[in-house]
Amino acid sequence: MVKICCLGAGYVGGPTMAVIALKCPAIEVVVVDISTTRISAWNSDQLPIYEPGLDDVVKQCRGRNLFFSTDIEKHVSEADIIFVSVNTPTKTRGLGAGKAADLTYWESAARMIADVSKSDKIVVEKSTVPVKTAEAIEKILTHNNNKGINFQILSNPEFLAEGTAIQDLFKPDRVLIGGRETPEGCKAVELLKSVYANWVPEDQIITTNLWSAELSKLAANAFLAQRISSVNAISALCEATGADVAEVAYSVGKDSRIGPKFLNASVGFGGSCFQKDILNLIYICECNGLPEVADYWKQVIKINDYQKSRFVNRLVSSMFNTVAGKKIAVLGFAFKKDTGDTRETPAIDVCKGLLGDKAKISIYDPQVTEDQIQRDLAMNKFDWDHPIHLQPMSPTAVKEASVEWDAYEATKGAHGVCILTEWDEFKKLDYEKIYENMQKPAFIFDGRNVVDPEKLRKIGFIVYSIGKPLDAWLKDMPAVA
Ligand code: UDX
Ligand code: UDX
Ligand code: ADP
């Protein structure tokens with residue numbers, strides 16, 4: 001029986017291993033983590049992450065061939081294949097600060113693997129890492145190996161998106177496995193391929209060399225983020241010219257060379273991957289003497305930041321150039337719908353922008369806890385991707401931000417509402433009731449294009465929707481930067 005151990009029970013490790021266990025009943029899968037609270041949550045009825053369909057998969061396999069444990073060394077030493085899915089935050093200090101990946105957790109995982117292994121191991125990079133990390137890891141493993149163990153490193157990046165993780169894992173567009181082009185390397189690639197072949201058609205399993213696999217993951221995320229920055233850049237031009245970004249995106253996406261997906265204009269992209277991976281790509285380009293290529297990708301992040309500040313500026317300028325002391329309701333805090341994840345969510349920057357202008361904000365999100373929101377608003381950039389117990393001391397709550405458990409409570413008495421996550425329930429709210437209970441004039445700033453602006457204007461709202469023709473009211477307000 002093949003034994004798999006996965007280091008890191010997070011958004012990637014947890015769901016991926018659960019699906020491997022479900023699809024491969026003959027394989028024993030143990031997910032380990034340094035966080036005891038995370039492991040207890042995986043062993044309880046209240047899983048540590050919200051992901052549609054995940055509960056069901058875990059229930060079917062947990063205790064059968066899927067286990068969650070903090071006994072890291074035992075399970076690493078017993079495993080044939082070790083997936084490493086630990087944090088790779090952006091460095092906050094030292095060389096490459098603000099850009100390069102911090103490989104502290106990866107390095108300590110590799111040293112531990114070298115230390116406790118007694119038999120041959122295949123070590124699989126699951127978390128996104130800079131190109132050539134495999135080589136560095138290989139060095140750590142072989143230089144700390146005096147027991148004659150054969151370590152094979154594979155790169156098997158995960159392409160799942162949060163909110164659809166289970167569907168993405170069941171039916172991936174492709175599985176990518178990179179390995180060394182040696183007989184031992186090829187054997188390791190074949191073994192991992194045979195695991196996925198339990199449910200993924202063979203022609204969708206791509207095998208490449210290690211460096212191509214590592215770079216493909218960074219490139220895929222950079223291309224996806226670039227599409228969003230492209231449509232967001234066009235959204236600003238739509239507002240200036242009276243075009244409608246939804247119509248433009250639809251027409252553009254009809255070209256089969258471009259395709260219709262991932263063209264929704266928004267207040268900005270978030271999530272743990274896009275910005276981090278692009279920064280990483282930029283750093284690698286700079287290190288390899290390619291400043292023009294680095295500058296090209298920098299622009300994707302610049303437009304994303306511009307889109308968030310443009311949203312805040314639009315809001316403040318339409319509300320008579322000040323939000324000081326005004327209640328602004330924020331609907332949605334997660335970085336996208338169907339997840340409770342707030343890593344790099346645009347809501348953090350928008351809320352900080354509003355707080356900077358002395359607004360009182362009242363936040364509602366169906367999946368994000370008050371504790372998480374407070375932590376996010378008080379946290380410094382790039383601290384978010386460190387395990388909680390290693391984050392700076394618990395910050396003091398931001399007084400001007402309150403968290404409500406209902407959209408109607410959050411909007412009661414507010415001067416303005418911003419929609420920052422596209423939760424389905426925001427489409428179905430009773431906006432007449434919300435309007436009645438708000439200050440007048442009542443504003444709605446829709447950062448996700450979930451509401452019908454014409455319908456809301458009929459109720460009496462002044463509506464701003466990203467990339468849509470502007471309300472007469474907004475046209476009269478001073479131009480935004
Ligand atoms: C992404 C990649 O999609 C996935 O393949 C990779 O493995 C990890 O990174 P994720 O960050 O979970 O997944 O979510 P994704 O659906 O890609 O959305 C990222 C951000 O882009 C979200 O904030 C989302 O709201 C935003 N987005 C997405 C848009 O603003 N417009 C779109 O059209 C699509
Ligand atoms: C383009 C658009 O495709 C077409 O829809 C529009 O109406 C006019 O402009 P065209 O310029 O005739 O058409 O040719 P196209 O096939 O788009 O190629 C443009 C250039 O891009 C060529 O130099 C081509 O060699 C290059 N190209 C195209 C690449 O370098 N790589 C590719 O993957 C595709
Ligand atoms: P991702 O989105 O990539 O899955 P997460 O932050 O959700 O990232 O998960 C990474 C997990 O890895 C965290 O739960 C963290 O506690 C865990 N972790 C970090 N270092 C180690 C380690 N050396 N051994 C085991 N688990 C680790």
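Between the helical axis of 183-196 and the longest alpha-carbon principal axis of the chain there is an angle of about 50 degrees. Taken over the chain, the convex hull of the Cα atoms encloses 152 Å³ per residue. Relative to the current alpha-carbon distance between residue 93 and residue 378, full extension at 0.36 nm per residue lengthens the span by 100.7 nm.
Leaving out ligands and nucleic acids, note down the accessible area per residue over segment 1-156 with a 1.4 angstrom probe, in whole Å².
On the way: 6210 Å² over 156 residues.
Dividing the accessible area of segment 1-156 by its residue count gives 40 Å².
Ordered from largest to smallest accessible area (heavy atoms of protein chains, 1.4 Å probe), the residues 405, 473, 384 come out as 405, 473, 384. Hull volume per residue, based on the alpha-carbon atoms of segment 355-479 and their convex hull, is 137 Å³. Distance from the C-alpha centroid of segment 202-254 to that of segment 121-178: 25 Å, rounded to the whole angstrom.
Compared with the dominant principal axis of the Cα atoms in the chain, helix 291-318 is inclined by about 30°.
Measuring with a 1.4 angstrom probe and ignoring ligands and nucleic acids, residue 241 comes out at about 100 Å² accessible. With every protein chain in place and a 1.4 angstrom probe, the accessible-area ranking of 408, 296, largest first, reads 296, 408. Each listed q (0.19 Å⁻¹) maps to a log10 I(q)/I(0) for segment 142-250 from the Debye sum over equal C-alpha point scatterers, namely -1.01. Each of 397, 449, 379 was placed along the dipole of segment 329-481 (beta-carbon charges, centred on the mean Cα), and the one lying farthest toward the positive end is 449. Note on residue 181 and residue 437: the model spin-label points, each 7 Å out from Cα along the C-beta direction, lie 6.5 nm apart.
Could you compute how fast segment 250-324 diffuses translationally, taking Rh as the Kirkwood radius over C-alpha pairs and applying Stokes-Einstein at 20 °C with viscosity 1.002 mPa s? Give it in µm² per second. After rounding, the answer is 143 µm²/s. Using the Cβ-Cβ distance between residue 70 and residue 241 with R0 = 51 Å, the FRET efficiency computed as 1/(1 + (r/R0)^6) comes to roughly 0.35. Full extension of the segment from residue 302 to residue 256, taken as 0.36 nm per residue of separation minus the current Cα-Cα distance, would add 13.8 nm.
Accessible area per residue was computed with a 1.4 Å probe on protein heavy atoms; residue 170 scores about 60 Å². Heavy-atom surface analysis with a 1.4 Å probe gives segment 3-200 a carbon and sulfur content of 49 percent of its accessible area. Heavy-atom accessible area for residue 223, with the other protein chains in place and a 1.4 Å probe, reaches approximately 120 Å². Cα axis of helix 274-287 to longest principal axis of the chain: angle in degrees, 0 to 90, nearest 10? Between the helix axis and the principal axis of the chain, the angle is about 60 degrees. Report the far tail of the P(r) of segment 3-200, meaning the percent of Cα-Cα pairs longer than 24 Å. Percent of Cα pairs beyond 24 Å in segment 3-200: 37. Summing charges over all other residues whose Cβ lies under 14 Å from the Cβ of residue 474, with Lys and Arg as +1 and Asp and Glu as -1, gives +1.
The values are calculated or read from the model by the stated rules, or taken from the named source; none is laboratory data. Here the structure is a predicted model, which means the values were calculated and not measured. Counting neighbours? That spans all protein chains shown, and the Cβs are built from the backbone with ideal geometry, glycine included. For accessibility, only protein heavy atoms count, side chains too; no ligands or nucleic acids. Shrake-Rupley method; radii C 1.70, N 1.55, O 1.52, S 1.80 Å.
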